[in-house]
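A short write-up of the structure that comes next.
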Amino acid sequence: MLIVQKYGGTSLADAQRIGNAAGRAVELARQGNQVVVVVSAQGDTTDLLIEKALQINRQGAAREMDAYLAAGEQMSAGLMAMAIGAMGYPAVSMTGWQAGIATDGVHGNARIVNVDTCRIRQELDGGKIVVVAGFQGLDPEGDITTLGRGGSDTTAVALAGYLHADKCQIFTDVDGVYDRDPRLYSDAVRFGRIGYEKMLGLIENGAQVLHDRSVELAREFGIPLEVLSAFTGEPGTIVG
């Protein structure tokens, strides 16, 4: 099987959590699966980077902000590939553009328009786990773009779609999709399965567990997503 896994920032916040995620990927690979891991920036890295940028220029410069913010995910990708390597399994990290992700030219909120999967396929066929920096791509001018908050979800779904993956798993800090925020409401109910349209409705009403474009892409490709906890690994919610 070809499996795409995505890990959010809280799932990678420290060395132990990166190690846990790496171990899960290695276990899948040793079972004979091809594995692509998409990573977000660690913890509050993106917020800290934005804060530093605003100290320099409060007006911001969209192109330069994208070039700057993309570094957070690239650092995570390098660390994840090193963690996998430390477990004795070959891995390679890639930026969004090395992974062939092409976007439109809307800085700060770009859309993925195509993915050239040749490099990823080559590395997978060479027996490596491929770790891709989420949230980023390259526009027609050859400039770095970012996909907006939550954009690593969209990266993962796009890669799953273009690679014809068998499974796309979104690991997060909650154990599935709830009818309302379980961190605020003790009586929140978790869905075992939820359709794309209902998921988009929840997102429209403020749910932050998935990026809306990731759900739209999943619907377009017909890919079911599994939202599950990075801390327990127990089955979560199937979206689709």
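Quick note: the coordinates plus some simple rules give every number you see, no bench work behind them. Since this is a predicted model, take the numbers as computed values, not measurements. Glycine also receives a Cβ, built like all others from the backbone with ideal geometry; neighbour counts cover every protein chain displayed.
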Residue 114, sole failed condition from (1) over 16 Å from the mean Cα position of the chain (by Cα); (2) within 20 Å of residue 63 (Cβ to Cβ); (3) part of a strand (DSSP E or B): (2)
Pairs with Cβ under 8 Å, 6+ apart, first in segment 113-129 and closer than 18 Å to residue 144 by Cα, second loosely packed, with under 15 Cβ neighbours inside 10 Å: 113/104
Matching residues, segment 99-109, being outside any strand (DSSP E or B) and closer than 15 Å to residue 133 by Cα: 99, 100
Hits in segment 108-122 (condition: in contact with an Asp or Glu (Cβ under 7 Å, 6 or more places away or on another chain) and either among the small types (Gly, Ala, Ser) or surrounded by 20 or more Cβ atoms within 10 Å (Cβ to Cβ) (or both)): 108, 110
Among (1) aliphatic (A, V, I, L, M); (2) surrounded by 18 or more Cβ atoms within 10 Å (Cβ to Cβ); (3) farther than 15 Å from residue 131 by Cα - the single one residue 49 does not satisfy: (2)
Test: residue 92 is in a strand (DSSP E or B), surrounded by 19 or more Cβ atoms within 10 Å (Cβ to Cβ) and either touching a residue at least 40 places away in the same chain (Cβ under 8 Å) or basic (Lys, Arg) (or both): no
Restricting segment 26-57 to residues that are part of a helix (DSSP H, G or I) and touching a helix residue (DSSP H, G or I) at 6+ places or on another chain (Cβ under 8 Å), the residue that is farthest from residue 147 (Cα to Cα): 26
Flag for residue 239 being in contact with a Pro (Cβ under 8 Å, 6 or more places away or on another chain) and either more than 16 Å from residue 36 (Cα to Cα) or not hydrophobic (A, V, I, L, M, F, W, C) (or both): yes
Set 60, 78: member being out of contact with any strand residue (DSSP E or B) (no Cβ under 9 Å at 6 or more places or on another chain) and outside any strand (DSSP E or B): 60
Residue in segment 24-45 that is of a type in the set (Asp, Glu), surrounded by fewer than 18 Cβ atoms within 10 Å (Cβ to Cβ) and closer than 24 Å to residue 69 by Cα present: yes
Subset of segment 156-190 [hydroxyl-bearing (Ser, Thr, Tyr) and within 24 Å of residue 134 (Cβ to Cβ)]: 162, 172, 178
Residue in segment 87-104 that is in contact with a Gly (Cβ under 6 Å, 6 or more places away or on another chain) and of a type in the set (Ser, Thr, Tyr) present: yes
Residue under evaluation residue 14, criteria (1) touching a Gly at 6+ places or on another chain (Cβ under 9 Å); (2) surrounded by fewer than 22 Cβ atoms within 10 Å (Cβ to Cβ); (3) in contact (Cβ under 8 Å) with a residue 60 or more places away in the chain, criterion not met: (3)
Candidate set from segment 146-190 (those that are in contact (Cβ under 8 Å) with a residue 24 or more places away in the chain and among the polar types (S, T, N, Q)); member that is nearest to residue 118 (Cα to Cα): 155
Residue that is surrounded by the fewest Cβ atoms within 10 Å (Cβ to Cβ) [pool: residues in segment 158-213 that are acidic (Asp, Glu) and within 20 Å of residue 147 (Cα to Cα)]: 204
